[in-house]
1. Please work out which one of (1) within 24 Å of residue 390 (Cα to Cα); (2) assigned to a loop (DSSP other than H, G, I, E, B); (3) away from the ligand (no atom under 11 Å from the Cβ) is the condition residue 193 fails and give its number.
2. I'd like to verify a number: residues in the range 131-167 that are in contact with a helix residue (DSSP H, G or I) (Cβ under 8 Å, 6 or more places away or on another chain), assigned to a helix (DSSP H, G or I) and under 21 Å from residue 242 (Cβ atoms), how many?
3. Going through the range 16-54 one residue at a time, which ones are within 22 Å of residue 364 (Cβ to Cβ), touching a residue at least 40 places away in the same chain (Cβ under 8 Å) and outside any helix (DSSP H, G or I)?
4. Among the residues of the range 372-389, count how many are crowded, with 19+ Cβ neighbours inside 10 Å, more than 6 Å from the ligand (Cβ to nearest atom) and more than 22 Å from residue 400 (Cα to Cα).
5. Here are 324, 317: which of them is more than 14 Å from the ligand (Cβ to nearest atom), at pLDDT 95 or above, within 17 Å of residue 263 (Cβ to Cβ) and more than 19 Å from the chain's Cα centre (by Cα)?
6. Filter the range 199-223 down to the residues that are away from the ligand (no atom under 15 Å from the Cβ), surrounded by fewer than 18 Cβ atoms within 10 Å (Cβ to Cβ) and in a strand (DSSP E or B) and list them by number.
7. Name every residue in the range 68-82 that is part of a helix (DSSP H, G or I) and without any contact (Cβ under 8 Å) to a residue 60 or more places away in the chain, in order of residue number.
8. Collect the residues in the range 349-359 that are surrounded by 15 or more Cβ atoms within 10 Å (Cβ to Cβ) and part of a helix (DSSP H, G or I), keeping them in residue-number order.
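The values are calculated or read from the model by the stated rules, or taken from the named source; none is laboratory data. Only a predicted model underlies this, so the values are computations on that prediction, with no experimental measurement involved. Reconstructed Cβ throughout: ideal geometry from the backbone, glycine too, with neighbour counts over all protein chains shown.
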Ligand SMILES: Cc1cc2nc3c(=O)[nH]c(=O)nc-3n(C[C@H](O)[C@H](O)[C@H](O)COP(=O)(O)OP(=O)(O)OC[C@H]3O[C@@H](n4cnc5c(N)ncnc54)[C@H](O)[C@@H]3O)c2cc1C
């Protein structure tokens, strides 16, 4: 009898944990502390409200004060009021954010990585001193305008947005499509082709006060719905020389920024998989069919095993990439491989997670649909899978397949 009573006790199942190879054990005290703060913020403030915003296609402005308080603005950048810290820390924060919501991670990546990163990499001392401190405090939010309605993958050689230098003024004309944060943010980094030398240059445009600058929100997006993307139109926009980022002289400078942000997307993609997996495992432990938790079925365990294997492979890859970056060895091809590999694995992982939920996997309230849809955007933005593999292909073969 005593034995039977013991056996009737519900079995204590392990809590979902997406850090299977215990990478957290390799982090230092500062990294642990910051990650813990980000985790608390994401779980306490973002998780309870994010599905509502996702369904409504809206940005949660109510989170901005708490994001400011986190004090992570300018992580990975030294000086100019920035948070500082390593590229590893930057990646870990993005991963931790994406574990709860890829849109919040993308908002952060666009502002901190693409917009601040462009100024940090290609601005003069004066420009960095002027723009970076308020951006690090999230008082001014930025976006990054490279893609155009007719030019995406071919941006390196084909930008149609033009900049014409007349005296001390630049006149910029063109359109930028898909630009994250642009419908509401304060400033845009606009990449345009200088008609004098045909080189791509970057300009800071203040969205709310610059005549000739307008933004139309892109409607009906099915991934990263919380991030607001816009179609920017620049019509005879006049900018002083001080708004031309001084150290950016060609697309090579754009590529320097993109290298770091592709690095970041690999972390976001890994975080997105972690979140989807944890939701799926918890659901599988609780959901009963045929009188048993579905997690006890062999075919469901196969899905879960493949998910955690993908996640673990991606985590190990990006941590090594962060080491390469710290050693000054990370190149465009390293970042391209990581972006392509992790986002491809993400598509698999979120699809398997959705499968575990059966029909509920299609309902917003179960979260996994959000991860499933957001993964599609990670796969395509900041350079598609094909573009990353062409960068990698060139590096490993010594032959360029770019047209
Ligand atoms: C949600 C979201 C957010 C975004 N945010 C921003 C942002 O903030 N700022 C910004 O500037 N851009 C942003 N983008 C744009 C994004 O970077 C582009 O969508 C992406 O680079 C691809 O460009 P495209 O959409 O024009 O596709 P295209 O370049 O038209 O490509 C279409 C298809 O053709 C393939 N292809 C193209 N050329 C080749 C080739 N030579 N060989 C093989 N295959 C090829 C591509 O891989 C792709 O599969 C965002 C996009 C999305 C969806």
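1. (2)
2. Total meeting the criteria: 4.
3. If the condition is that a residue be within 22 Å of residue 364 (Cβ to Cβ), touching a residue at least 40 places away in the same chain (Cβ under 8 Å) and outside any helix (DSSP H, G or I), then 16, 18, 47 are the ones that fit.
4. 6
5. The conditions single out 324.
6. 206, 214
7. Hits for the range 68-82 are 69, 70.
8. Of everything in the range 349-359, those that are surrounded by 15 or more Cβ atoms within 10 Å (Cβ to Cβ) and part of a helix (DSSP H, G or I) turn out to be 349, 350, 351, 352, 353, 354, 355, 356.
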